[in-house]
Amino acid sequence: MSDLPLHPESVVVAAGRPTAPGEPLSTPIIPAAPFRAGPGYNSYVRTDGSAGIAALEEALGALDGGTATVFASGMAATAAVVQTRPARSVLVVPTAGYWGSLSLFNAQQQLGHVELRPVDITDTDAVLAALHPADGPSADVLWLETVTNPLIGVPDLSLLIEAAHQQDVIVCVDATFTTPLNCRPLDLGADVVMHSVTKYLSGHSDLVQGVLITRSEELTTTFRGHRMLGGAVPGALECYLSLRGLRTLAVRLERQQVNAADLAGRLSEHPRIARVRYPGLPDDPGYERATRLFSGYGAMISFEVAGSAEDAAAVCDRVRLITHSTSLGGVESLVERRAMWEGDASMGVPQTLIRFSVGIENVEDLWTDLAQALGE
Ligand code: PLP
């Protein structure tokens, strides 16, 4: 990459490209497990990586300001953090966050590997008490989400990271909802940042991938060792597609955020909407923190439909441009009533809450579709 000081909008375009004369502009797909051996050379993709993995890791590392290790999924990245902690580590984790991560933490607790202290991570006092309780040992790991999935809460990242470090607690931040363009947790002092690359970073809902980024050489070695032996090595096609998708992250996110801000405002005035959760709305509980900590408010909205679970489900059934689907962060707008999943319902997600991943479509078309789905 250029040695000029670059803004993130340029880093997404320039990072992770071959540089030698005659090389292609983008690292090609390398569909190989082993590579031909020779003097001092004998490699295999799961143990040694490949140029395709390295190119993506260079770009993702540059964006978050650390060294990236890419995994076969976001969950594989999360597993690499939890499963490499010493036995009986104490983890402070969200009571309401991404259900997959919480289920993994619970499974590890059931096996006796870790002990969990679940807290509302948007409640600063509760997190501080869990990090260092009066009647128990200090925690070992604090797991945060920059914006919680799907309640769209915003924890006070900088304050919590500083408090955790005073107790030597390792802080890992799932920054999937904010992307490195809106928040760089390593700059706030976090030890590890995790992304589901599946979402905004790759941006087209056509692959599954995850990444961990850290400034600690020791943690990078640990994560790469776990990837090698755990086997969650990213696929060649996925690496190529992720890097290709990453090139447009800045323009996609810019458009998605403009659409989201507009739609959040319109939804909050709609008579069939009981509540809108979007940190860009001045009366949202996360507004002050998001304004202080993020460069943009993101493109994830959760809104609660006035009425019953069936009323909210009917809205998801009626959308025609927007797609009723799980997942988020791609160019296409998606809605999902999250409490349809037992995991989300059990963590207190309202039955009428619809998570809305806002895409890049024309905003008037999106509003027309939402309005008709809401029964206007
Ligand atoms: N973190 C968040 C916030 C997510 O929304 C998801 C997936 O929905 C994950 C992690 C897991 O990522 P993946 O599906 O790539 O394994």
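The values are calculated or read from the model by the stated rules, or taken from the named source; none is laboratory data. For clarity, every value in this text was computed on a predicted model and none was experimentally measured. Cβ placement follows ideal geometry from the backbone for every residue including glycine, while neighbour counts extend to all protein chains displayed. Side chains are part of the model used for accessible areas, which takes the heavy atoms of the whole protein and leaves out ligands, DNA and RNA. Shrake-Rupley method; radii C 1.70, N 1.55, O 1.52, S 1.80 Å.
From the helices alone, meaning DSSP H stretches of at least four residues, give me the mean residue ellipticity at 222 nm for the chain, per-run term -39500 (n - 2.57), in deg cm²/dmol to the nearest 500.
Values: 15 runs with 146 residues, N = 376.
Rounded to the nearest 500, it is -11500 deg cm²/dmol.
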Would you mind putting 262-272, 73-83 in packing order, based on average other-beta-carbon counts within 10 Å, highest first?
73-83, 262-272
Assigning unit charges at the beta carbon (Lys, Arg +1; Asp, Glu -1) and nothing else, what dipole magnitude in debye, to the nearest 20, does the chain show about its Cα centre?
880
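Would you please give the FRET efficiency between A306 and E254, computed as 1/(1 + (r/R0)^6) with r the Cβ-Cβ distance and R0 = 22 Å, to the nearest 0.05?
Values: r = 32 Å, r/R0 = 1.45.
About 0.10, to the nearest 0.05.
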Label-to-label distance, nm, for residues given as D283 and A371 (7 Å Cα→Cβ offset):
2.1
Area accessible to solvent at V45, 1.4 Å probe radius, in Å²
30
What residues from segment 175-205 fall in the zone where the backbone N is under 18 Å from a label point 7 Å along the Cα-to-C-beta line of I29?
198, 202-205
Rounded to the nearest 10 Å², what accessible area does L241 have for a 1.4 Å probe in the complete protein model?
50
Carbon plus sulfur fraction of accessible area for the chain, probe 1.4 Å, in percent:
54
Probe radius 1.4 Å, ligands and nucleic acids left out: which of F356, F35 has the largest accessible area, and how do the rest follow?
F35, F356
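Which of the DSSP-defined H helices in the chain satisfy a minimum axial length of 18 Å, computed from C-alpha atoms, and a minimum mean Kyte-Doolittle hydropathy of -1.0?
Numbers: long enough: 51-64 (20 Å, 0.97); 217-230 (19 Å, -0.70); 249-268 (27 Å, -0.07).
Those that pass (Cα extent of 18 Å or more, hydropathy at least -1.0) are 51-64, 217-230, 249-268.
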In whole Å, what are the extents of segment 16-114 along the principal axes defined by its C-alpha atoms, from largest to smallest?
52, 31, 21
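For segment 1-57, what does the alpha-carbon gyration tensor say about shape, rounded, prolate or oblate, given a ≥ b ≥ c as the root eigenvalues, a/c under 1.5 as rounded, and a/b over b/c as prolate?
Numbers: a/c = 2.58, a/b = 2.20, b/c = 1.17.
Note, shape of segment 1-57 comes out prolate.
Probe of 1.4 angstrom, ligands and nucleic acids ignored: what's the accessible area per residue over segment 8-95, in square angstrom?
Details: 4080 Å² over 88 residues.
It amounts to 46 Å² per residue over segment 8-95.
Once you sort the root eigenvalues of the Cα gyration tensor of the chain as a ≥ b ≥ c, which label holds: rounded (a/c under 1.5), prolate (a/b larger than b/c) or oblate (the other case)?
Working: a/c = 1.79, a/b = 1.24, b/c = 1.44.
Taking the square roots of the gyration eigenvalues as a ≥ b ≥ c, the chain is oblate.
Label segment 134-275 by shape, choosing from rounded, prolate and oblate, from the square roots a ≥ b ≥ c of the eigenvalues of the Cα gyration tensor; if a/c is under 1.5 it is rounded, and otherwise prolate applies when a/b is larger than b/c, oblate when it is not.
Numbers: a/c = 2.30, a/b = 1.18, b/c = 1.96.
It is oblate, given that a/c is not under 1.5 and a/b is not larger than b/c.
Normalising by the residue count of segment 63-127, find the relative contact order in percent from Cα pairs under 8 Å and 6+ residues apart.
Details: 59 pairs, mean separation 20.5, N = 65.
Value for segment 63-127: 32 percent.
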Whole number in Å², please: accessible area per residue of segment 208-361, 1.4 Å probe, ligands, DNA and RNA not counted.
42
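In percent, how large is the relative contact order of segment 266-350, given Cα pairs closer than 8 Å and 6 or more residues apart?
Values: 85 pairs, mean separation 16.1, N = 85.
Once divided by the residue count of segment 266-350, the mean separation gives 19 percent.
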Counting only residues 5 or more places away or on other chains, whose amide H sits under 5 Å from the amide H of A72 once H atoms are built in the peptide plane?
G210, V233
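Sort R244, R36, R292, R215 by heavy-atom solvent-accessible area, probe 1.4 angstrom, most to least.
R36, R244, R215, R292
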